[in-house]
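Trainee: One structure coming up, written as structure tokens, with questions to follow.
Where a number appears in this text, it was derived from the coordinates with a stated rule and is not lab data. Every value quoted in this text rests on a predicted model; they were computed, and no experiment measured them. Note that we place each Cβ from the backbone using ideal geometry, even for glycine, and neighbour counts take in every protein chain shown.
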Amino acid sequence: MIKAPDIFASIYERHGHRCPMSTLGGRLGLAVMALTQLQQDGLIAIYHSRTCALDGIALTIGCSEERGNMTVTTEGRHVLEVFDTAGQVAELSLTEAAMQIAGDYRRLSIELEKGWDQLDAAAQDERNQRRQAALDAILPGLWQAPDADLITVRFGSPLQDENK
């Protein structure tokens with residue numbers, strides 16, 4: 001297993017396993033922390049999907065449902081809205097390329113989990129090794145990619161419902 005940078009190692013420890021979405025949540029949070037337009041104290045956030053990304057966001061910017069400064073919706077959009085105490089709003093969304101990487105891994109994971117309970121220990125170990133090898137190939141790219149490859153940032157007021 002490839003050694004993760006400290007911030008991502010902490011995310012995986014909090015989350016309980018390594019995965020692209022917790023990594024991408026960390027990248028969203030790190031991108032928020034790099035925004036000079038936002039006052040970093042007292043952030044409030046909304047994430048529009050209940051996914052592994054929440055642990056990465058919580059660890060990097062300190063916003064979580066448990067702390068009461070994050071709301072999570074079930075819209076299924078990988079969008080993080082962040083509000084600062086001065087009323088500034090930033091909207092960060094994962095790019096199609098980022099979602100493709102996460103989706104490809106999820107499909108592989110589903111395939112590796114098929115029939116798991118019927119496998120002997122050796123077959124389960126082989127599948128776990130395939131999963132770890134896939135993560136070792138994917139995660140370093142997510143740790144190191146430029147923000148622009150993974151995240152789109154927009155400033156202003158929160159998105160309004162387009163149907164209204």
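Trainee: With an 8 Å Cα cut-off and a minimum separation of 6 or more residues, compute the relative contact order for the stretch 51-158 in percent.
Mentor: 35
Trainee: So if we plug the beta-carbon distance of Ala122 and Ala97 into 1/(1 + (r/R0)^6) with R0 = 45 Å, what FRET efficiency do we get, rounded to 0.05?
Mentor: Working from the Cβ atoms, E equals 0.80.
Trainee: Something else: Given the rule -39500 (n - 2.57) for each run of at least 4 DSSP H residues, summed and divided by the residues of the chain, what is its mean residue ellipticity at 222 nm, to the nearest 500 deg cm²/dmol?
Mentor: Estimated from H runs of four or more residues: -15500 deg cm²/dmol.
Trainee: Place +1 on the Cβ of every Lys and Arg and -1 on the Cβ of every Asp and Glu in the chain, take the dipole about the Cα centre, and give the residue among Gly62, Leu24, Leu135 whose Cα lies farthest towards its positive end.
Mentor: Leu135
Trainee: Continuing with the same structure: Of the labelled options (i) 43, 34, 31; (ii) 57, 38, 30; (iii) 65, 30, 19, which one gives Cα extents along the principal axes in Å as computed for this structure?
Mentor: Recomputing Cα extents along the principal axes in Å here gives the entry labelled (ii).
Trainee: Same structure, new question: Using only Cα atoms and rounding to the nearest 10 degrees, what angle (0 to 90) does helix 20-33 make with the longest principal axis of the chain?
Mentor: 30
Trainee: With charges set only on the Cβ (+1 for Lys and Arg, -1 for Asp and Glu), what does the dipole of the stretch 29-109 come to about its Cα centre, in debye to the nearest 20?
Mentor: 240
Trainee: I've got another one for you. Using modelled backbone amide H atoms (1.01 Å from N, in-plane), which distant-in-sequence or interchain residues come within less than 5 Å of Ser64's amide H?
Mentor: Asn69, Met70
Trainee: Additional query: Which one of Leu108, Ala97, Thr71 is farthest out on the positive end of the charge dipole of the chain, using unit charges on Cβ (Lys, Arg +1; Asp, Glu -1) and the Cα centre as origin?
Mentor: The residue sitting most towards the positive pole is Leu108.
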